[in-house]
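Asks: Following this message is one structure expressed as structure tokens.
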Amino acid sequence: MPKRVLMIFVDGVGIGSDNPESNPFVRFADPFLPFSETHWQKEVPYSGVIVKTAADMGVAGLPQSATGQTALFCGVNSAQAVGRHIAGFPTPTLRKLIDAHSIFLQLKQRGKTGTFANALSEDYFRLRGERISATTRSLLAGGFPPRMLDALWQKRAVSHDLTNEFLAGMGLEVPRFTVEQSAEILADILDEVHFCLFEFILSDRAGHRQDFNAAGQVIHKLSILLQRLLPRLTLSEVTVILTSDHGNMEDLSVKTHTRNPVPALLWGAGRDFLADRIQKIEDITPAILSWLDTD
Ligand SMILES: [Zn+2]
């Protein structure tokens, strides 16, 4: 089997302080997600390691999603390219960077395959037009098709919340999944491609709302995902990286993002190869591509 990489992109999660009053990763301590100052160096179940990863790109101000995700999925210092951190969805300049450097495009150019595991609705494309997320834009830049809602019924896609409740809440006809079912589906999708991206965004939302309850649910969901997913994968062939675009949920004393480093949590065949090459978020795409190049 060829090498495969699964990237679990968790929006807005950094490595925070040891204070349980502000850091939910301390208050709801979980062995898979030890994202605090003195615990991040612990080995994680299934021989995972954490690399502390700078997300500020050497640019003043609070890191934001549009620039952070462009850096993550393209391997370019997007904040320096545009002179600041940009929030929300990619602007025209960032879209150009994505269209020229997306990890999916770079995979395509190498004759490799990539996919985005998240299901998207027709309305998402119809209503948003050019203002789509960096993840979706990156996928399309490589010419790979998005997974639509019908793929949920075929158990060939997952939703960002891992249960499909968000889509159902919008009035859409979707099946409900348990987190365990979503984990199984993600593992099946990874079997078919060299690179699979999954995006989880409730973490950033919990951070902005300074909501400890929601943060606890996020940690619980991610922990169940990893507990079910990792033993299901052949880690001698597969590499898993869980990472983020900027800090946020690890410090609920503020409702903004933070300048904290983010975790690059690594498991499997490429663990040490990637760990040696990652210091900042813009290192992640080149590290993944170099790993796949050695196949
Ligand atoms: Zn945010």
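No value in this document is a laboratory result; all are computed from the given coordinates. None of these values were measured; they are calculated from a predicted model. Positions of Cβ are backbone-derived with ideal geometry, glycine not excepted, and every protein chain shown enters the neighbour counts.
Asks: Helices from the chain with mean Kyte-Doolittle at least -1.0 and a Cα length along the axis of 27 Å or more, per DSSP H: which?
Replies: Span-like helices here: 212-232.
Asks: Where the centroid of each part is defined by its Cα atoms, how far is the range 91-125 from the range 1-79 in Å?
Replies: One Cα centre to the other: 22 Å.
Asks: A further question follows. Tell me, what does the Kirkwood hydrodynamic radius of the range 4-47 come to in angstroms if you use every pair of distinct C-alpha atoms?
Replies: 11.4 Å
Asks: Taking every Cα atom in the range 144-295, find the radius of gyration and the maximum pairwise distance Dmax, and write them in Å.
Replies: 16.4, 46
Asks: Quick check: pseudo-label points 7 Å beyond the Cα along Cα→Cβ at Glu122 and Tyr46, how many nm apart are they?
Replies: Result: 3.6 nm between the two label points.
Asks: In square nanometres and to one decimal, what's the mean projected area of the convex hull around the Cα atoms of the range 62-179? Mind dumping the intermediate values first?
Replies: Values: hull surface 32.0 nm².
For the Cα atoms of the range 62-179, the hull's average projected area reads 8.0 nm².
Asks: For the pairs Lys155/Lys255; Lys108/Lys280; Lys112/Lys280; Lys52/Lys155; Lys42/Lys155; Lys52/Lys96, flag any whose C-alpha to C-alpha distance is greater than 32 Å.
Replies: Result: Lys155/Lys255; Lys52/Lys155; Lys42/Lys155 exceed 32 Å.
Asks: When the label point is put 7 Å from the Cα of Phe212 along its Cα-to-beta-carbon vector, which residues of the range 28-66 have a backbone N closer than 13 Å?
Replies: 28-29
Asks: Can you say what percent of the DSSP beta bridges in the chain, counting only those with both residues inside, are antiparallel? Round to 5.
Replies: Details: 11 of 31 bridges.
So the antiparallel bridges in the chain amount to around 35 percent.
Asks: Among 15-25, 194-204, 171-181, what's the highest-first ranking by average C-beta atoms within 10 angstrom per residue?
Replies: The peptides rank, most packed first, as 194-204, 15-25, 171-181.
Asks: Under the Kirkwood approximation for Rh and a Cα-based Rg, what ratio Rg/Rh is obtained for the range 117-193?
Replies: Computed over Cα atoms, the ratio is 0.96.
Asks: Between the range 276-295 and the range 178-223, how far is it from one alpha carbon centroid to the other, in angstrom?
Replies: One Cα centre to the other: 22 Å.
Asks: Given +1 on the Cβ of Lys and Arg, -1 on the Cβ of Asp and Glu, and no further charges, what dipole in debye does the range 4-293 carry about its Cα centre, rounded to the nearest 20?
Replies: Details: 28 positive and 32 negative charges, 115 e Å.
Result for the range 4-293 is approximately 560 debye, rounded to the nearest 20.
Asks: So, one more: Work out how much length Phe273 to Thr234 would gain on full extension: take 0.36 nm times their residue separation and subtract the Cα-Cα distance, in nm to one decimal.
Replies: The span from Phe273 to Thr234 would gain 12.3 nm if fully extended.
Asks: Right, next: How long is the chain along each principal axis, judged by its Cα atoms, biggest number first, in Å?
Replies: 44, 42, 41
Asks: Okay, moving on. Using the Kirkwood formula over every pair of different C-alpha atoms, what hydrodynamic radius in Å results for the range 1-99?
Replies: 15.4 Å
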